[in-house]
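Peer 1: Pasting a structure below so you can have a look.
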Amino acid sequence: MSADILAKLNLRHVINASGTMTGLGASIVGQQSIQSIAGILGNFVEIDDLQRRASKTIADLTGAECGFITASCSAGITLSIAALMTGNDLGAIERLPNHVGPKSDVIMQMGHMINYGAPVDQAVRLSGATVVPIGQATSASAFHLASAINENTLAALYVVSHHTVEYGQIPFKTFAAVAHEHNVPVIVDAASEYDLTGFIRDGADIVLYSGHKFLGGPTSGIVAGRKDIVRNIYLQNRGIGRGMKVGKEGIAGAIAALEAWKTRDHAAIRAREKRALDLWHATLNGRPGVSVRIMPDPTHNPLDRLRIDIDSMAAHITAWDLVDRLAKGAQPIVARDHEVEHGYFFLDPCNLQPDQEQIVAARLAEELDIAQKSNDLIATPFEERTLNKERAILNWPD
Ligand SMILES: *Cc1c(COP(=O)(O)O)cnc(C)c1O
(Lines give C-alpha, C1' and ligand atoms only; values in the text may rest on other atoms or scores of the structure.)
Protein backbone atom coordinates (compact mmCIF):
# COMPACT_ATOMS: atom_id res chain seq x y z
CA MET A 1 0.00 0.00 0.00
CA SER A 2 1.39 3.38 -0.94
CA ALA A 3 0.00 4.98 2.25
CA ASP A 4 2.11 2.56 4.33
CA ILE A 5 5.37 3.87 2.89
CA LEU A 6 4.44 7.41 3.94
CA ALA A 7 3.76 6.24 7.51
CA LYS A 8 6.94 4.22 7.59
CA LEU A 9 9.01 7.22 6.54
CA ASN A 10 7.04 9.54 8.80
CA LEU A 11 5.84 11.69 5.92
CA ARG A 12 2.65 13.69 5.63
CA HIS A 13 0.09 12.75 3.00
CA VAL A 14 0.13 15.77 0.68
CA ILE A 15 -2.81 16.79 -1.48
CA ASN A 16 -1.29 18.34 -4.57
CA ALA A 17 -3.43 21.18 -5.96
CA SER A 18 -0.32 22.88 -7.28
CA GLY A 19 0.88 21.07 -10.41
CA THR A 20 3.83 18.84 -11.16
CA MET A 21 6.38 20.07 -8.65
CA THR A 22 9.79 18.50 -8.05
CA GLY A 23 9.47 19.47 -4.39
CA LEU A 24 6.34 17.32 -4.11
CA GLY A 25 7.72 14.32 -5.97
CA ALA A 26 6.66 15.53 -9.45
CA SER A 27 3.71 13.29 -10.31
CA ILE A 28 1.94 10.10 -9.39
CA VAL A 29 3.66 7.51 -11.58
CA GLY A 30 1.22 5.55 -13.74
CA GLN A 31 0.60 1.83 -13.30
CA GLN A 32 2.21 0.92 -16.64
CA SER A 33 5.44 2.64 -15.58
CA ILE A 34 5.36 1.11 -12.11
CA GLN A 35 5.04 -2.35 -13.64
CA SER A 36 7.85 -1.76 -16.11
CA ILE A 37 10.10 -0.41 -13.39
CA ALA A 38 9.35 -3.30 -11.04
CA GLY A 39 9.92 -5.74 -13.90
CA ILE A 40 13.28 -4.42 -14.99
CA LEU A 41 14.87 -3.70 -11.61
CA GLY A 42 15.70 -7.36 -10.99
CA ASN A 43 17.41 -7.83 -14.36
CA PHE A 44 20.60 -6.87 -16.11
CA VAL A 45 20.04 -5.16 -19.41
CA GLU A 46 22.17 -3.84 -22.22
CA ILE A 47 21.56 -0.15 -21.73
CA ASP A 48 22.38 0.82 -25.33
CA ASP A 49 19.69 -1.62 -26.48
CA LEU A 50 17.20 -0.30 -23.94
CA GLN A 51 17.92 3.24 -25.13
CA ARG A 52 17.57 2.06 -28.76
CA ARG A 53 14.10 0.84 -27.79
CA ALA A 54 13.39 4.20 -26.11
CA SER A 55 14.46 5.92 -29.32
CA LYS A 56 11.79 4.04 -31.30
CA THR A 57 9.06 5.04 -28.84
CA ILE A 58 10.22 8.65 -28.76
CA ALA A 59 10.35 8.82 -32.57
CA ASP A 60 6.87 7.31 -32.75
CA LEU A 61 5.34 9.85 -30.36
CA THR A 62 7.21 12.99 -31.38
CA GLY A 63 7.80 12.53 -35.08
CA ALA A 64 11.53 13.13 -34.43
CA GLU A 65 14.20 10.98 -36.09
CA CYS A 66 15.34 9.53 -32.79
CA GLY A 67 15.83 10.18 -29.10
CA PHE A 68 16.86 8.80 -25.74
CA ILE A 69 16.15 9.10 -22.04
CA THR A 70 18.34 11.09 -19.65
CA ALA A 71 18.03 12.10 -15.99
CA SER A 72 15.80 15.14 -16.45
CA CYS A 73 14.85 17.86 -18.86
CA SER A 74 17.42 20.07 -17.19
CA ALA A 75 20.11 17.45 -17.93
CA GLY A 76 18.83 17.37 -21.52
CA ILE A 77 19.51 21.10 -21.89
CA THR A 78 23.09 20.78 -20.62
CA LEU A 79 23.83 17.71 -22.72
CA SER A 80 22.35 19.15 -25.92
CA ILE A 81 24.49 22.25 -25.68
CA ALA A 82 27.53 20.11 -24.80
CA ALA A 83 26.94 17.96 -27.89
CA LEU A 84 26.83 20.95 -30.19
CA MET A 85 30.24 22.00 -28.85
CA THR A 86 31.95 18.61 -28.97
CA GLY A 87 30.34 16.92 -31.94
CA ASN A 88 31.45 13.29 -31.82
CA ASP A 89 35.00 14.05 -30.65
CA LEU A 90 35.39 11.65 -27.72
CA GLY A 91 38.39 13.58 -26.44
CA ALA A 92 36.49 16.85 -26.40
CA ILE A 93 33.64 15.09 -24.59
CA GLU A 94 36.05 14.12 -21.81
CA ARG A 95 37.57 17.61 -21.65
CA LEU A 96 34.30 19.44 -21.03
CA PRO A 97 33.60 21.86 -19.48
CA ASN A 98 37.14 23.00 -20.35
CA HIS A 99 38.46 23.70 -23.85
CA VAL A 100 35.04 24.19 -25.32
CA GLY A 101 34.86 24.47 -29.08
CA PRO A 102 35.23 27.57 -31.24
CA LYS A 103 31.51 28.25 -30.94
CA SER A 104 30.13 28.50 -27.44
CA ASP A 105 27.44 31.20 -27.37
CA VAL A 106 23.84 30.14 -26.74
CA ILE A 107 21.25 32.76 -27.58
CA MET A 108 18.15 33.07 -25.39
CA GLN A 109 15.42 35.67 -25.13
CA MET A 110 15.73 37.68 -21.91
CA GLY A 111 12.09 36.91 -21.10
CA HIS A 112 12.90 33.19 -21.24
CA MET A 113 15.58 33.32 -18.57
CA ILE A 114 13.44 31.68 -15.94
CA ASN A 115 13.87 29.60 -12.81
CA TYR A 116 12.10 26.22 -12.74
CA GLY A 117 13.64 25.35 -9.38
CA ALA A 118 17.08 26.25 -10.72
CA PRO A 119 18.04 28.82 -13.36
CA VAL A 120 17.64 27.61 -16.94
CA ASP A 121 20.71 29.60 -17.98
CA GLN A 122 22.76 27.61 -15.46
CA ALA A 123 21.81 24.40 -17.25
CA VAL A 124 23.41 25.96 -20.35
CA ARG A 125 26.50 27.28 -18.52
CA LEU A 126 27.11 23.90 -16.88
CA SER A 127 28.30 22.61 -20.26
CA GLY A 128 30.93 25.35 -20.48
CA ALA A 129 28.87 27.44 -22.91
CA THR A 130 27.97 31.10 -22.48
CA VAL A 131 24.45 32.50 -22.53
CA VAL A 132 23.84 35.50 -24.77
CA PRO A 133 20.55 37.14 -23.81
CA ILE A 134 18.68 39.03 -26.50
CA GLY A 135 16.05 41.75 -26.29
CA GLN A 136 14.59 42.96 -23.02
CA ALA A 137 12.42 41.11 -20.51
CA THR A 138 9.16 42.07 -22.20
CA SER A 139 10.37 42.78 -25.70
CA ALA A 140 12.22 40.53 -28.11
CA SER A 141 11.93 40.57 -31.90
CA ALA A 142 13.31 38.68 -34.84
CA PHE A 143 15.84 41.47 -35.41
CA HIS A 144 17.32 40.92 -31.94
CA LEU A 145 17.92 37.29 -32.81
CA ALA A 146 19.29 37.93 -36.30
CA SER A 147 21.57 40.66 -35.06
CA ALA A 148 22.99 38.58 -32.18
CA ILE A 149 24.08 35.68 -34.39
CA ASN A 150 27.78 35.68 -35.26
CA GLU A 151 30.70 33.27 -35.72
CA ASN A 152 30.61 32.33 -32.00
CA THR A 153 26.94 31.33 -32.02
CA LEU A 154 26.47 27.69 -31.12
CA ALA A 155 22.71 27.37 -30.64
CA ALA A 156 19.48 29.17 -29.92
CA LEU A 157 17.45 27.95 -26.94
CA TYR A 158 13.69 28.48 -26.74
CA VAL A 159 11.84 27.94 -23.46
CA VAL A 160 8.14 27.12 -23.31
CA SER A 161 6.74 27.68 -19.83
CA HIS A 162 4.20 29.56 -17.75
CA HIS A 163 7.27 31.09 -16.07
CA THR A 164 8.41 32.99 -19.18
CA VAL A 165 7.23 36.52 -19.79
CA GLU A 166 3.82 36.06 -21.35
CA TYR A 167 4.00 38.76 -24.00
CA GLY A 168 6.50 40.48 -26.25
CA GLN A 169 8.41 37.27 -27.07
CA ILE A 170 9.37 35.91 -30.50
CA PRO A 171 6.86 33.29 -31.69
CA PHE A 172 8.48 29.89 -31.98
CA LYS A 173 8.12 29.49 -35.75
CA THR A 174 9.78 32.86 -36.36
CA PHE A 175 12.54 32.07 -33.86
CA ALA A 176 13.27 28.76 -35.59
CA ALA A 177 13.12 30.28 -39.07
CA VAL A 178 15.55 33.11 -38.26
CA ALA A 179 17.99 30.75 -36.50
CA HIS A 180 17.92 28.33 -39.42
CA GLU A 181 18.50 31.10 -41.98
CA HIS A 182 21.83 31.51 -40.20
CA ASN A 183 22.44 27.75 -39.80
CA VAL A 184 22.02 27.91 -36.01
CA PRO A 185 20.44 24.81 -34.43
CA VAL A 186 17.33 25.34 -32.31
CA ILE A 187 16.82 23.61 -28.98
CA VAL A 188 13.43 23.72 -27.25
CA ASP A 189 12.87 23.28 -23.53
CA ALA A 190 9.29 21.96 -23.57
CA ALA A 191 9.57 20.28 -20.17
CA SER A 192 5.95 20.68 -19.22
CA GLU A 193 4.20 20.78 -22.60
CA TYR A 194 1.59 18.23 -23.64
CA ASP A 195 2.32 18.85 -27.32
CA LEU A 196 4.79 16.12 -28.27
CA THR A 197 4.86 16.80 -32.02
CA GLY A 198 4.42 20.54 -32.64
CA PHE A 199 7.93 21.80 -31.92
CA ILE A 200 9.65 19.22 -34.12
CA ARG A 201 7.11 19.94 -36.84
CA ASP A 202 7.66 23.70 -36.50
CA GLY A 203 11.43 23.55 -36.77
CA ALA A 204 13.07 22.40 -33.52
CA ASP A 205 16.29 20.49 -34.07
CA ILE A 206 16.12 19.14 -30.53
CA VAL A 207 13.17 19.16 -28.14
CA LEU A 208 13.35 18.25 -24.46
CA TYR A 209 10.57 17.06 -22.16
CA SER A 210 10.34 15.93 -18.55
CA GLY A 211 9.26 12.33 -18.13
CA HIS A 212 7.89 13.01 -14.65
CA LYS A 213 5.50 15.86 -15.39
CA PHE A 214 2.29 15.44 -17.41
CA LEU A 215 3.52 12.08 -18.73
CA GLY A 216 3.40 10.58 -15.24
CA GLY A 217 6.66 8.69 -15.67
CA PRO A 218 9.55 8.29 -13.23
CA THR A 219 12.07 11.12 -12.87
CA SER A 220 13.59 11.33 -16.34
CA GLY A 221 14.17 13.57 -19.33
CA ILE A 222 13.26 12.92 -22.94
CA VAL A 223 15.59 14.07 -25.71
CA ALA A 224 14.14 14.01 -29.23
CA GLY A 225 15.32 15.38 -32.54
CA ARG A 226 17.73 15.19 -35.43
CA LYS A 227 19.68 11.96 -35.46
CA ASP A 228 23.09 13.56 -36.10
CA ILE A 229 22.69 15.76 -33.03
CA VAL A 230 20.96 13.20 -30.78
CA ARG A 231 23.86 10.79 -31.37
CA ASN A 232 26.31 13.37 -30.06
CA ILE A 233 24.05 14.14 -27.10
CA TYR A 234 23.97 10.43 -26.26
CA LEU A 235 27.78 10.36 -26.36
CA GLN A 236 27.87 12.90 -23.52
CA ASN A 237 27.10 9.96 -21.21
CA ARG A 238 30.84 9.29 -21.51
CA GLY A 239 31.55 12.77 -20.17
CA ILE A 240 29.57 15.33 -18.21
CA GLY A 241 26.43 13.26 -18.70
CA ARG A 242 27.73 10.71 -16.20
CA GLY A 243 26.59 12.86 -13.31
CA MET A 244 23.16 13.01 -14.93
CA LYS A 245 22.82 9.27 -15.30
CA VAL A 246 19.43 7.65 -15.67
CA GLY A 247 19.16 3.99 -14.70
CA LYS A 248 17.37 1.11 -16.39
CA GLU A 249 14.32 1.79 -14.22
CA GLY A 250 14.10 5.39 -15.40
CA ILE A 251 14.41 4.40 -19.05
CA ALA A 252 11.91 1.54 -18.87
CA GLY A 253 9.49 3.66 -16.83
CA ALA A 254 9.69 6.56 -19.28
CA ILE A 255 9.10 4.25 -22.27
CA ALA A 256 6.00 2.89 -20.53
CA ALA A 257 4.77 6.41 -19.70
CA LEU A 258 5.14 7.48 -23.34
CA GLU A 259 3.30 4.41 -24.55
CA ALA A 260 0.54 4.92 -21.98
CA TRP A 261 0.16 8.50 -23.18
CA LYS A 262 -1.00 7.20 -26.57
CA THR A 263 -3.94 5.34 -25.08
CA ARG A 264 -4.72 7.61 -22.12
CA ASP A 265 -8.38 8.66 -21.95
CA HIS A 266 -7.70 12.39 -22.13
CA ALA A 267 -11.40 13.29 -22.37
CA ALA A 268 -12.25 11.40 -19.18
CA ILE A 269 -9.36 13.06 -17.34
CA ARG A 270 -10.50 16.49 -18.52
CA ALA A 271 -14.05 15.73 -17.34
CA ARG A 272 -12.79 14.66 -13.91
CA GLU A 273 -10.73 17.84 -13.64
CA LYS A 274 -13.76 19.91 -14.61
CA ARG A 275 -15.82 18.34 -11.83
CA ALA A 276 -13.19 19.41 -9.29
CA LEU A 277 -13.06 22.95 -10.71
CA ASP A 278 -16.85 23.22 -10.66
CA LEU A 279 -17.02 22.01 -7.05
CA TRP A 280 -14.40 24.54 -5.92
CA HIS A 281 -16.07 27.30 -7.88
CA ALA A 282 -19.44 26.52 -6.27
CA THR A 283 -17.87 26.30 -2.79
CA LEU A 284 -16.10 29.65 -3.01
CA ASN A 285 -18.29 31.77 -5.22
CA GLY A 286 -20.07 34.57 -3.35
CA ARG A 287 -17.99 34.37 -0.17
CA PRO A 288 -16.98 37.77 1.17
CA GLY A 289 -13.71 38.95 -0.34
CA VAL A 290 -13.33 35.91 -2.60
CA SER A 291 -13.68 35.91 -6.36
CA VAL A 292 -13.10 32.88 -8.52
CA ARG A 293 -12.75 32.14 -12.18
CA ILE A 294 -11.67 29.20 -14.27
CA MET A 295 -8.59 30.04 -16.31
CA PRO A 296 -6.96 28.23 -19.24
CA ASP A 297 -3.31 27.16 -19.01
CA PRO A 298 -1.03 30.03 -20.14
CA THR A 299 0.98 27.84 -22.53
CA HIS A 300 -2.18 26.29 -24.00
CA ASN A 301 -1.89 22.84 -22.49
CA PRO A 302 -5.38 21.27 -22.40
CA LEU A 303 -5.81 22.10 -18.74
CA ASP A 304 -7.80 24.65 -16.72
CA ARG A 305 -7.17 25.93 -13.21
CA LEU A 306 -9.24 27.84 -10.70
CA ARG A 307 -7.93 31.31 -9.95
CA ILE A 308 -8.91 32.55 -6.49
CA ASP A 309 -8.56 36.27 -5.83
CA ILE A 310 -8.65 37.33 -2.20
CA ASP A 311 -9.62 40.83 -1.10
CA SER A 312 -7.93 40.57 2.28
CA MET A 313 -9.94 43.37 3.90
CA ALA A 314 -13.24 41.63 3.15
CA ALA A 315 -12.00 38.05 3.64
CA HIS A 316 -10.00 39.01 6.78
CA ILE A 317 -7.01 37.06 5.47
CA THR A 318 -4.37 37.53 2.78
CA ALA A 319 -4.10 35.14 -0.13
CA TRP A 320 -0.72 33.86 1.12
CA ASP A 321 -1.88 33.32 4.69
CA LEU A 322 -4.76 31.28 3.32
CA VAL A 323 -2.35 29.24 1.18
CA ASP A 324 -0.06 28.68 4.18
CA ARG A 325 -2.94 27.58 6.43
CA LEU A 326 -4.05 25.03 3.85
CA ALA A 327 -0.52 23.62 3.86
CA LYS A 328 -0.51 23.01 7.61
CA GLY A 329 -1.71 19.93 9.49
CA ALA A 330 -1.62 16.19 8.97
CA GLN A 331 -2.98 16.40 5.42
CA PRO A 332 -1.46 19.49 3.84
CA ILE A 333 -3.00 20.94 0.69
CA VAL A 334 -0.46 22.62 -1.57
CA ALA A 335 -1.90 25.34 -3.79
CA ARG A 336 -0.26 26.96 -6.82
CA ASP A 337 1.08 30.20 -5.42
CA HIS A 338 3.78 31.52 -7.78
CA GLU A 339 2.06 34.90 -8.05
CA VAL A 340 0.47 35.07 -4.60
CA GLU A 341 1.91 38.48 -3.70
CA HIS A 342 -0.66 39.90 -6.14
CA GLY A 343 -3.44 38.54 -3.92
CA TYR A 344 -4.37 35.46 -5.91
CA PHE A 345 -3.47 31.83 -6.24
CA PHE A 346 -4.58 28.87 -8.32
CA LEU A 347 -5.89 25.40 -7.66
CA ASP A 348 -4.67 22.88 -10.20
CA PRO A 349 -6.80 19.74 -10.50
CA CYS A 350 -4.44 17.67 -12.64
CA ASN A 351 -2.67 15.82 -9.81
CA LEU A 352 -5.62 15.09 -7.54
CA GLN A 353 -6.32 11.60 -6.31
CA PRO A 354 -9.96 10.43 -6.27
CA ASP A 355 -12.17 12.41 -3.87
CA GLN A 356 -9.43 14.80 -2.80
CA GLU A 357 -11.33 17.69 -4.41
CA GLN A 358 -13.90 17.33 -1.61
CA ILE A 359 -11.21 17.67 1.05
CA VAL A 360 -9.79 20.74 -0.70
CA ALA A 361 -13.24 22.35 -0.88
CA ALA A 362 -13.97 21.62 2.79
CA ARG A 363 -10.60 22.94 3.99
CA LEU A 364 -10.94 26.14 1.97
CA ALA A 365 -14.42 26.73 3.39
CA GLU A 366 -13.17 25.99 6.90
CA GLU A 367 -10.23 28.43 6.75
CA LEU A 368 -12.32 31.15 5.11
CA ASP A 369 -15.01 30.73 7.81
CA ILE A 370 -12.41 31.00 10.57
CA ALA A 371 -11.00 34.16 8.97
CA GLN A 372 -14.45 35.63 8.45
CA LYS A 373 -15.25 35.23 12.15
CA SER A 374 -11.90 36.66 13.20
CA ASN A 375 -11.90 40.28 14.31
CA ASP A 376 -8.31 40.72 13.18
CA LEU A 377 -6.93 40.78 9.69
CA ILE A 378 -4.74 37.68 9.25
CA ALA A 379 -1.85 39.27 7.39
CA THR A 380 1.75 38.13 7.59
CA PRO A 381 3.95 40.70 5.82
CA PHE A 382 4.81 39.11 2.47
CA GLU A 383 8.53 39.85 2.86
CA GLU A 384 8.58 37.97 6.13
CA ARG A 385 6.97 34.94 4.49
CA THR A 386 9.64 34.92 1.77
CA LEU A 387 12.47 35.25 4.29
CA ASN A 388 11.00 32.47 6.46
CA LYS A 389 10.97 30.12 3.48
CA GLU A 390 14.60 30.93 2.72
CA ARG A 391 15.57 30.45 6.36
CA ALA A 392 13.82 27.09 6.44
CA ILE A 393 15.76 25.73 3.44
CA LEU A 394 19.05 27.08 4.77
CA ASN A 395 18.40 25.17 8.00
CA TRP A 396 17.69 21.82 6.40
CA PRO A 397 17.87 19.09 7.78
CA ASP A 398 16.89 20.84 11.02
C1 LIG B 1 10.30 21.54 -14.95
C2 LIG B 1 10.99 22.33 -15.97
C3 LIG B 1 12.32 22.08 -16.27
C4 LIG B 1 13.13 21.08 -15.51
O5 LIG B 1 12.68 19.81 -15.79
P6 LIG B 1 13.31 18.57 -15.02
O7 LIG B 1 12.94 17.42 -15.87
O8 LIG B 1 12.65 18.53 -13.69
O9 LIG B 1 14.76 18.82 -14.95
C10 LIG B 1 12.94 22.78 -17.29
N11 LIG B 1 12.25 23.70 -17.98
C12 LIG B 1 10.97 23.99 -17.72
C13 LIG B 1 10.28 25.01 -18.54
C14 LIG B 1 10.29 23.32 -16.70
O15 LIG B 1 9.01 23.59 -16.45
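The values are calculated or read from the model by the stated rules, or taken from the named source; none is laboratory data. All of these numbers come straight from a predicted model, not from anything done at the bench. Here the Cβ is made from the backbone with ideal geometry for all residues, glycine too, and neighbour counts use every protein chain on show. Just the protein is used for accessible areas: all its heavy atoms, side chains included, with ligands, DNA and RNA removed. Shrake-Rupley method; radii C 1.70, N 1.55, O 1.52, S 1.80 Å.
Peer 1: Between beta-carbons, use under 11 Å as the cut-off and find the net charge around P332, counting Lys and Arg +1, Asp and Glu -1. Don't skip to the end; give the middle numbers.
Peer 2: Values: positive: R12, R325, K328, R363; negative: D324.
Net charge in that neighbourhood comes out at +3.
Peer 1: Using amide H atoms built 1.01 Å from N in the peptide plane, name the residues 5+ places from H212, or on other chains, whose amide H lies under 5 Å from its own.
Peer 2: The list, which skips near neighbours in sequence, is G217, S220.
Peer 1: While we're looking at this one, here's another question. With each label point set 7 Å from Cα along the Cα-Cβ vector, what nm distance links M313 and E383?
Peer 2: Those two pseudo-labels are separated by 2.3 nm.
Peer 1: Right, something else. Percent antiparallel among DSSP beta bridges with both residues in the chain, to the nearest 5? It would help to have the intermediate numbers written out before the result.
Peer 2: Values: 25 of 44 bridges.
The antiparallel proportion sits near 55 percent.
Peer 1: In nm, what is the difference between 0.36 nm times the number of residues separating W396 and S2 and their Cα-Cα distance?
Peer 2: On the way: separation 394, 0.36 × 394 = 141.84 nm, distance 2.57 nm.
Fully extending the segment from W396 to S2 adds 139.3 nm.
Peer 1: Of the DSSP beta bridges with both residues in region 29-263, give the percent that are antiparallel, rounding to the nearest 5. Walk me through the numbers on the way to the answer.
Peer 2: Details: 12 of 27 bridges.
Of all bridge pairs located within region 29-263, approximately 45 percent are antiparallel.
Peer 1: Divide by every residue of the chain the summed helix terms, -39500 (n - 2.57) for each DSSP H run of at least 4, and state the resulting mean residue ellipticity at 222 nm, rounded to the nearest 500 deg cm²/dmol.
Peer 2: Values: 16 runs with 168 residues, N = 398.
Roughly -12500 deg cm²/dmol at 222 nm, from the helical runs in the chain.
Peer 1: Over region 1-160, what is the relative contact order in whole percent, taking alpha-carbon pairs under 8 Å and six or more residues apart? Walk me through the numbers before you get to the answer.
Peer 2: Values: 158 pairs, mean separation 28.9, N = 160.
Rounded, it is 18 percent for region 1-160.
Peer 1: In addition: Given an 8 Å cut-off on Cα distances and at least 6 residues of separation, report the relative contact order of the chain as a percent. Don't jump to the answer; show the numbers that get you there.
Peer 2: Details: 761 pairs, mean separation 84.6, N = 398.
Normalised by residue count, the contact order of the chain is 21 percent.
Peer 1: Moving on. Rounded, prolate or oblate: which one fits the chain, using the alpha carbon gyration tensor with axes a ≥ b ≥ c (rounded when a/c is under 1.5, else prolate when a/b beats b/c, else oblate)?
Peer 2: Values: a/c = 1.98, a/b = 1.50, b/c = 1.32.
Note, shape of the chain comes out prolate.
Peer 1: Another question about this same structure. Run the simple label-point estimate for I34 and H180 please: 7 Å along Cα→C-beta, distance reported in nm.
Peer 2: 4.3
Peer 1: Quick one: what are the phi-derived ³J(HN,Hα) couplings along region 199-210, Karplus 6.51/-1.76/1.60 with θ = phi - 60°, whole Hz, x for glycine and proline?
Peer 2: Computed from phi, the couplings for region 199-210 are 6, 4, 4, 8, x, 5, 7, 9, 10, 10, 10, 8 Hz.
Peer 1: List the residues whose amide H sits under 5 Å from the amide H of L303, counting only those 5 or more places along or on another chain, with H placed 1.01 Å from N in the peptide plane.
Peer 2: Long-range HN contacts for L303: D297.
Peer 1: Within region 175-208, whose backbone N sits under 20 Å from a point 7 Å along Cα→Cβ of S147?
Peer 2: The answer is 175-184, whose backbone nitrogens lie closer than 20 Å to the label point.
Peer 1: Keeping all protein chains in place, calculate the accessible area per residue for region 29-263 (probe 1.4 angstrom), answer in Å². Provide the component values of the computation, followed by the final result.
Peer 2: Details: 9880 Å² over 235 residues.
Here the per-residue accessible area is 42 Å².
Peer 1: By how many nm would the segment from Q372 to R12 grow when fully extended, if each residue of separation counts as 0.36 nm and the alpha-carbon distance is taken off? Provide the component values of the computation, followed by the final result.
Peer 2: Values: separation 360, 0.36 × 360 = 129.60 nm, distance 2.80 nm.
Between Q372 and R12, full extension yields an extra 126.8 nm.
Peer 1: Continuing with this model, one more query. With the cut-off at 1.5 for a/c, could you classify region 168-278 from its C-alpha gyration tensor as rounded, prolate or oblate? Spell out each step's value before the answer.
Peer 2: Numbers: a/c = 2.50, a/b = 1.22, b/c = 2.04.
Since a/c reaches 1.5 but b/c is at least a/b, the shape of region 168-278 is classed as oblate.
Peer 1: So, with +1 on the Cβ of K and R and -1 on the Cβ of D and E, and no other charges, what is the size of the charge dipole of region 152-267 about its Cα centre, to the nearest 20 debye? Intermediate results must be reported in sequence, preceding the final value.
Peer 2: On the way: 12 positive and 11 negative charges, 106 e Å.
Dipole magnitude for region 152-267 comes out near 500 debye.
Peer 1: Longest segment of the chain with no chymotrypsin sites (Phe, Trp or Tyr not before Pro) in a DSSP loop having at most 12 other Cβ atoms within 10 Å?
Peer 2: Details: sites that count: F44, Y167.
In short, 168-398.
Peer 1: Here's another thing I want to ask about it. Between region 251-326 and region 197-217, how far is it from one alpha carbon centroid to the other, in angstrom?
Peer 2: 23
Peer 1: Okay, next question. So, with a 1.4 angstrom probe, what is the percent of accessible area on the chain that is carbon and sulfur? The partial results should precede the final answer.
Peer 2: Values: 10120 of 19210 Å².
So the carbon and sulfur contribution to the accessible surface is 53 percent.
Peer 1: With only Lys, Arg, Asp and Glu charged, each at its Cβ (+1 for the first two, -1 for the last two), find how big the charge dipole of the chain is about the Cα centre; round to the nearest 20 debye.
Peer 2: Working: 36 positive and 44 negative charges, 160 e Å.
It works out to roughly 760 debye.
Peer 1: Before I look further, what does region 266-394 give for accessible area per residue, probe 1.4 Å, in whole square angstrom? Please report the intermediate quantities before stating the final value.
Peer 2: Numbers: 6700 Å² over 129 residues.
Ligands and nucleic acids excluded, the figure is 52 Å² per residue.
Peer 1: Sort K173, K227 by accessible area with a 1.4 Å probe, largest first. Before the final figure, lay out the partial values.
Peer 2: Working: K173 130, K227 90 Å².
Listed by decreasing accessible area, they come as K173, K227.
Peer 1: Next question, about the same structure. Out of the DSSP beta bridges found with both residues in region 143-273, what percent are antiparallel (nearest 5)?
Peer 2: On the way: 5 of 12 bridges.
Roughly 40 percent of the beta bridges in region 143-273 run antiparallel, per DSSP.
Peer 1: Here is a further query. Could you go through region 78-94 in sequence order and give the Karplus-derived ³J(HN,Hα) for each residue, using 6.51 cos²θ - 1.76 cosθ + 1.60 with θ = phi - 60°, rounded to whole Hz, and x for Gly and Pro?
Peer 2: Residue by residue, region 78-94 yields 4, 5, 5, 5, 4, 5, 5, 7, 8, x, 9, 7, 5, x, 4, 4, 6 Hz.
Peer 1: Still on this structure, I have one more. Of the listed pairs K248/K389; K8/K248; K262/K328; K8/K373; K103/K248; K56/K389, which have alpha-carbon separations greater than 32 Å here? Walk me through the numbers before you get to the answer.
Peer 2: On the way: K248/K389 36 Å; K8/K248 26 Å; K262/K328 38 Å; K8/K373 38 Å; K103/K248 34 Å; K56/K389 43 Å.
Distance filter (> 32 Å) returns K248/K389; K262/K328; K8/K373; K103/K248; K56/K389.
Peer 1: Which sequence of M113, M313 reflects their accessible areas, 1.4 Å probe, from the largest down?
Peer 2: Values: M113 65, M313 140 Å².
Largest to smallest exposure gives the sequence M313, M113.
Peer 1: Quick one: putting +1 on the C-beta of Lys and Arg, -1 on the C-beta of Asp and Glu, what dipole do you get for region 266-394 around its Cα centre, in Debye to the nearest 20? List each step's numbers first, then the result.
Peer 2: On the way: 16 positive and 21 negative charges, 72 e Å.
Rounded to the nearest 20 debye, it is 340 debye.
Peer 1: For a label point 7 Å from the Cα of R270 along Cα→C-beta, name the residues of region 195-224 whose backbone N is under 14 Å from it.
Peer 2: Only 195 pass the distance filter.
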